[in-house]
Amino acid sequence: MLQTDVLIIGTGIAGATAALKLADDPNRHITIITREPDPHESNTGYAQGGIISRGPDDSADLLVKDILEAGAGASLPSAARILAEEGPRLLEKILIAESRVPFDRGEGEDYEWGQEAAHSRRRILHVGDGTGRAIARGLVAQLKSKPNIQWFTNATAVDLITHPHHSRNPLDTYKPITCHGAYVFDRNKGAVHRTLAGVTVLATGGIGRIYRNTTNPVGARGDGLAMASRAGARIINAEYVQFHPTALAVPGAEGFLISEAVRGEGGILLTPDGTPFMAKYAPEWKDLAPRDVVARAIHTEMTEHAYTYVLLDIASHMDAEAVRDRFPNIYATCLKAGVDITREPIPVVPAAHYFCGGVQVDEWGRTDIANLYAVGEVSCTGLHGANRLASTSLLEGLVWGNRAAQHIVERDSISLLPAPDHIPAWDESGLTDDRDPALIQGDMQTIQNIMWHYVGLVRSGDRLARAIRELRHLQNEIETFYRTTKLSDGLIGLRNAVEAALIVAQSAQHNRQSRGCHYRVDSVEGGDRLI
């Protein structure tokens with residue numbers, strides 16, 4: 001069993017930022033766990049386009065306006081204001097001054113500001129098209145220099161330890177829910193350890209892997225969302241799953257993100273016969289429309305004309321050398337898949353990309369469970385509303401990772417840990433060792449197909465009702481499997497994925513208004529952006 005002052009689950013920008021600030025006190029012990037063997041591997045590392053700062057002709061007021069407009073009336077104004085006011089300063093301090101992230105510069109060493117959809121100004125800082133990877137490298141290097149941070153890689157959180165649920169004292173039933181850490185599965189040793197913590201920070205990323213087509217890494221299967229839900233935390237805005245309009249549609253390279261920055265630099269969407277089509281759906285924005293509009297426009301074109309993909313053309317709008325310089329990773333990946341983006345358009349399809357909902361938190365990242373914070377994509381600060389503005393997610397992770405740590409630092413004291421004998425050890429007695437990976441993979445694919453067809457870009461009451469029926473049946477089967485089988489990372493993820501899928505489907509069924517990235521063909525009056 002391990003005891004620590006602060007347990008952080010996840011190593012992306014939000015968790016890493018929180019850990020860095022907390023580590024300033026050498027007497028505070030911080031433990032970071034990640035299910036990956038490489039701590040650089042997180043949702044952050046897959047972010048291509050960039051991170052919002054404040055451009056030369058920009059202001060906090062303009063950014064707030066853009067966030068609220070993209071959020072389709074559902075973004076929390078106070079959250080947008082926090083991001084716009086605090087974000088650029090923290091980016092300069094943490095990412096540039098301390099982590100030395102080498103954001104691209106143009107002539108005269110001025111920053112090279114990018115433009116992305118629904119932004120009224122050029123305000124995006126980037127490192128080619130590998131911004132997230134550069135940020136992850138910088139932050140992890142900083143973390144590894146801190147002697148009071150303990151790392152556990154290849155470690156999967158199973159469940160949060162909460163009182164009264166995990167308490168042996170019956171009188172704790174009358175107390176509020178309090179988090180005391182997590183049960184953690186050591187993937188190397190195949191054992192579950194109790195990790196007791198005065199404060200726990202969920203920074204587990206998103207849910208994209210519950211869909212068949214996604215830009216997300218394999219670990220983005222809703223682990224944090226499901227754990228928080230089982231513990232009793234409130235989940236909000238779960239119907240708002242943002243689909244990125246442009247993921248590569250080439251066999252063997254499916255799901256590779258073609259950054260929105262490609263359209264920001266002049267890329268145009270075309271039908272397979274070469275006809276531009278975005279003006280039909282968004283006459284004002286055209287190809288720089290918000291993601292929900294673009295994704296549904298592509299879906300409509302594909303459905304009505306039986307296309308298996310559409311095309312994204314940057315070659316006609318940017319010279320070859322500029323394309324290679326601005327998008328080196330996209331260029332190399334597409335070339336490997338047989339597409340030279342400097343000479344020909346890119347086949348693309350929409351894919352599940354970003355979760356706008358999550359565990360409800362306040363302006364300091366606090367959940368409604370004592371001693372439990374949530375930051376980054378697993379949380380819902382209210383910032384994104386019904387549709388995330390491009391490149392706000394990295395900055396949100398930075399701001400709320402810092403805010404959560406600040407709140408923890410300013411607490412009167414870290415909560416006393418319960419006595420170890422008050423927390424039951426993980427019991428695997430009587431369980432079988434039949435962790436059949438084929439069964440796990442098959443069930444995961446079933447979840448992904450249900451979500452893609454019935455809880456995807458276009459939804460209806462009938463589709464959602466069917467999804468919920470099928471997911472509930474599957475959840476019963478999976479829970480029986482889970483209760484009788486020794487743990488593996490795949491089994492933990494499968495259990496969490498079906499729970500996350502049900503959360504999304506039920507929220508989508510409950511919300512009968514089309515808004516932002518939640519689009520229902522049977523929408524009642526009151527929604528907007530119906531295309």
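The values are calculated or read from the model by the stated rules, or taken from the named source; none is laboratory data. Owing to the predicted nature of the structure, the values given are computational and were not obtained by experimental measurement. All Cβ positions, glycine included, derive from the backbone under ideal geometry; neighbour counts span all protein chains shown.
So here's what we get for this one:
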| read-out | value |
| --- | --- |
| Matching entry among Gly266, Gly274 (being under 29 Å from Gly45 (Cα atoms), part of a loop (DSSP other than H, G, I, E, B) and out of contact with any Gly (no Cβ under 9 Å at 6 or more places or on another chain)) | Gly266 |
| Residues of region 302-338 satisfying the condition of being among the acidic types (Asp, Glu), modelled with pLDDT of 95 or more and part of a helix (DSSP H, G or I) | Glu321 |
| Residue check for Val101: β-branched (Val, Ile, Thr), part of a helix (DSSP H, G or I), over 29 Å from Lys286 (Cα atoms) and at pLDDT 90 or above | no |
| Hits in region 482-515 (condition: of a type in the set (D, E, K, R), part of a helix (DSSP H, G or I) and over 15 Å from Gly442 (Cβ atoms)) | Arg483, Asp489, Glu499 |
| Near pairs, Cβ below 9 angstrom, 6+ apart or cross-chain, from region 98-117 (loosely packed, with under 13 Cβ neighbours inside 10 Å) to any residue that is among the charged types (D, E, K, R) | Arg105/Glu112; Gly106/Glu112 |
| Criterion violated by Thr153 - all others in (1) among the polar types (S, T, N, Q); (2) more than 30 Å from Asp489 (Cα to Cα); (3) in contact with a strand residue (DSSP E or B) (Cβ under 9 Å, 6 or more places away or on another chain) satisfied | (2) |
| Hey, Leu494 of a type outside the set (Asp, Glu) and buried (at least 21 other Cβ atoms within 10 Å of the Cβ) or not | yes |
| Listing of strands (runs of 3 or more DSSP E) fully contained in region 170-250 that carry 1 or more residues being under 27 Å from Ala19 (Cα atoms) | 178-186, 191-202 |
| Test: residue in region 200-208 that is surrounded by fewer than 24 Cβ atoms within 10 Å (Cβ to Cβ) and closer than 30 Å to Arg459 by Cβ | no |
| Single condition Pro418 does not satisfy, out of (1) closer than 26 Å to Ser42 by Cβ; (2) not in a helix (DSSP H, G or I) | (1) |
| Residue match in region 388-406 (condition: within 25 Å of Arg194 (Cβ to Cβ), at pLDDT 85 or above, surrounded by 19 or more Cβ atoms within 10 Å (Cβ to Cβ) and among the β-branched types (Val, Ile, Thr)) | no |
| Among (1) over 23 Å from the mean Cα position of the chain (by Cα); (2) closer than 30 Å to Asn371 by Cα - the single one Arg469 does not satisfy | (2) |
